[in-house]
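K.L.:
Following this message is one structure expressed as structure tokens.
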Amino acid sequence: MGIDRTEMFGAREGNGGIIRCDACPVLCRIRPGRTGACSRYANEDGRLIRTDALVLAARNATEGGEIVPFLSDQPNWDGNPITGKDVFVTGIGSGTTYPDYKPAPFIVSSDYEGVDTVTVVTEGIFSYCGVKVKIDTDRHIGSETAAVRVDGEHVGHITTAEYGSQMLSIGGVNHLTGGTKKEGNVTCRSMMALCNKEAIEVAIDDGSLLIIQAGKAPIINGLEEQRMRVGCGSAAIGIFAKQWFGEADEVVVVDDHITGVLSEHQAGKVLNMPPSGIKMSGRRSTPGRYFQVAEPGSGWGGTDIKDPLSIIEGFDPEVAWPGMRLLMTSTTGEDAIYCVLDEELRPVETDMPQALKIVVGRIGENCEPSLSTVLFMGGAGGSLRAGVTENPVHLTRSVRRRLTRVTMGGAPVYVWPGGGITAMVDVMQMPDQSFGHVPTPAIVAPIEFTLARSDYAELGGHTGHVTSLEDILAEFSETARREIWRPDNPWPLTKNGT
Ligand code: SF4
């Protein structure tokens, strides 16, 4: 049985063995043998315990992926002292101290290459947090600002589209706490599932039904998306112009954003391509680049068209000629046709020559696999910052000056410029099941602050609560979950992240 941390996370009440959990504002009164409302804390034989294991990440793995033993109870441990070079204590399963002024659950000291370092480890409760989802697809999934719903509840919206991707913003304090209780709970559950790399189904108002999961291809209206486009229609023209030159007299790359027309485009001009007399629908932006050739949809290139010839209004008889060769393709190369103009200058579809098939195939080859990616974004509140130091603004400044490194479950974060500590992390770089929730509702996420011990003292840290890494390892040798360090994550104790 490890150290009794009851007084750290709560307090014993009366003689009936009841323990009050103080780890969040709900303040559950937990009877012996029971768990609190979030199931993250339990009363075990009169002790308040965190029900999920503390996660320790070890850097030195064998070739087979096994963690080199580093605990005294492990049979092959070589007896060498463990340093900050080997093991990192993550915030996952560490618990939360509340009210805010209490020091964080673990303030771990370790030696890293002769430097005395401190890592302040906790699970932050994030009321101000959200999830950004990038969905690699050309398809129109709904209008910008359209509501995103789960089980009918409004949990987010479509935000600004990016290059080759549609973007969702899910969660945020307004959905968590500003609407009905059900909206808050469904929002919290959806965010937690996404952050824990699970699939969720979302419906977009007047748009698509999506299944999204971090690191997996999105499923849009029942179809798994395969390819992320090589670029917009104009970019595709620019990239492949030379390869088409001589094989076709005109090439149109159909795209909801910018449809490219080779003979008019700068790429075609530089190759001295003669005009083809093609008349496109839509709005000409600059030569060879057309906006709004059709409505957005799930047809060719993210438009609603199934028949690509419908965006050609005709050919100028003074310029075009019978026998003119026309290639039309989408930005992923998944859709393509080849036509030859007849005597009336009407495009007639015919077999695509091998040389053009190769280039269309190359468009597909240059597309990356379509993925959904999930970034969690949250702002460090009172408990988080006061758990590190009595003077929280010093922590913010230290993070800004890069004296303190912020990680979440060991993963690197991007800290937004400006005030406060608003961090963003790719959930795929974190261990599985890193996130939890409390019923307020809010998201619980691991967070660690690592800095030199001397800097920690200078910023007013809780130096009287520092525990050595060896002591932590000894206490959790039987219960900790051991994870292999993800090699692409920088080691948090180094200054330059190597
Ligand atoms: S909801 Fe969970 S964290 Fe909050 S007081 Fe209850 S058991 Fe503790």
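The values are calculated or read from the model by the stated rules, or taken from the named source; none is laboratory data. Since we're looking at a predicted model, the values are computed, not measured. In this analysis, Cβ positions are derived from the backbone assuming ideal geometry, glycine residues included, and neighbour counts consider all displayed protein chains.
K.L.:
With the condition being in the same structural domain as G302 (by TED's automatic domain parsing), I'd like the strands (runs of 3 or more DSSP E) fully within the stretch 164-233 carrying at least 2 qualifying residues.
P.N.:
Details: elements: 165-171, 200-204, 209-212.
Correct list: empty, since no element meets the threshold.
K.L.:
Hey, can you tell me all the residues within the stretch 358-388 that are over 22 Å from the mean Cα position of the chain (by Cα) and over 30 Å from T404 (Cβ atoms)?
P.N.:
Selection gives I358, V359, V360, G361, R362, I363, G364, E365, N366.
K.L.:
Between a residue in the stretch 171-184 that is of a type in the set (D, E, K, R) and any residue that is not in a helix (DSSP H, G or I), which pairs come within a Cβ distance under 8 Å, given they are 6 or more apart or on different chains?
P.N.:
K182/E153; E183/E153; E183/H154; E183/V155
K.L.:
Next question. Can you pull out every residue in the stretch 362-411 that is touching a residue at least 40 places away in the same chain (Cβ under 8 Å) and among the β-branched types (V, I, T)?
P.N.:
Matches in the stretch 362-411: I363, T373, V374, V388, T389, V399, T404, V406, T407.
K.L.:
When you look at S276, is it among the polar types (S, T, N, Q), free of Cβ contacts under 8 Å to residues at least 60 places away in the same chain and under 21 Å from V230 (Cα atoms), yes or no?
P.N.:
Details: among the polar types (S, T, N, Q): yes; free of Cβ contacts under 8 Å to residues at least 60 places away in the same chain: yes; under 21 Å from V230 (Cα atoms): no.
It is false that S276 is among the polar types (S, T, N, Q), free of Cβ contacts under 8 Å to residues at least 60 places away in the same chain and under 21 Å from V230 (Cα atoms).
K.L.:
Taking only the stretch 339-357 into account, find how many residues are within 40 Å of the chain's Cα centre (by Cα) and touching a residue at least 60 places away in the same chain (Cβ under 8 Å).
P.N.:
Of the residues in the stretch 339-357, the ones within 40 Å of the chain's Cα centre (by Cα) are 355-357.
Checking which are touching a residue at least 60 places away in the same chain (Cβ under 8 Å) leaves us with 355-356.
Result for the stretch 339-357: 2.
K.L.:
Moving to a separate point now. In the stretch 393-469, which strands (runs of 3 or more DSSP E) lie fully inside it and hold 1 or more residues that are under 14 Å from F126 (Cβ atoms) and within 16 Å of the ligand (Cβ to nearest atom)?
P.N.:
It comes to 436-438, 442-452.
K.L.:
Please report, ordered by residue number, the strands (runs of 3 or more DSSP E) entirely within the stretch 255-334 with at least 3 residues that are touching a helix residue (DSSP H, G or I) at 6+ places or on another chain (Cβ under 6 Å).
P.N.:
Numbers: elements: 259-261, 278-280, 283-286, 289-291, 312-315, 325-330.
Hits in the stretch 255-334: 325-330.
K.L.:
Now for a different question. Would you mind finding the one in D4, D22 that is in contact with a helix residue (DSSP H, G or I) (Cβ under 9 Å, 6 or more places away or on another chain) and either more than 20 Å from G381 (Cβ to Cβ) or near the ligand (Cβ under 9 Å from one of its atoms) (or both)?
P.N.:
On the way: D4 fails: in contact with a helix residue (DSSP H, G or I) (Cβ under 9 Å, 6 or more places away or on another chain).
Matching residue, one of D4, D22: D22.
K.L.:
Of the numbered conditions (1) among the β-branched types (V, I, T); (2) over 30 Å from R189 (Cα atoms); (3) in contact with a Cys (Cβ under 9 Å, 6 or more places away or on another chain), T440 satisfies every one except a single condition; which is it?
P.N.:
Exception for T440: condition (2).
K.L.:
Starting from the stretch 97-113, keep only residues that are outside the structural domain of G460 (by TED's automatic domain parsing) and within 15 Å of L469 (Cβ to Cβ), then list their pairs with residues that are of a type in the set (A, V, I, L, M) and at pLDDT 95 or above whose Cβ atoms are within a distance under 9 Å, requiring at least 6 positions of separation or different chains.
P.N.:
Every condition considered, no pair remains.
K.L.:
So N391 ticks every box in (1) under 30 Å from M424 (Cβ atoms); (2) surrounded by fewer than 20 Cβ atoms within 10 Å (Cβ to Cβ); (3) touching a Ser or Thr at 6+ places or on another chain (Cβ under 7 Å) but one. Which box is left unticked?
P.N.:
Unmet condition: (3).
K.L.:
Moving on to the next point. Of the residues in the stretch 197-231, how many are modelled with pLDDT under 95 and in contact with a helix residue (DSSP H, G or I) (Cβ under 8 Å, 6 or more places away or on another chain)?
P.N.:
Here the count works out to 4.
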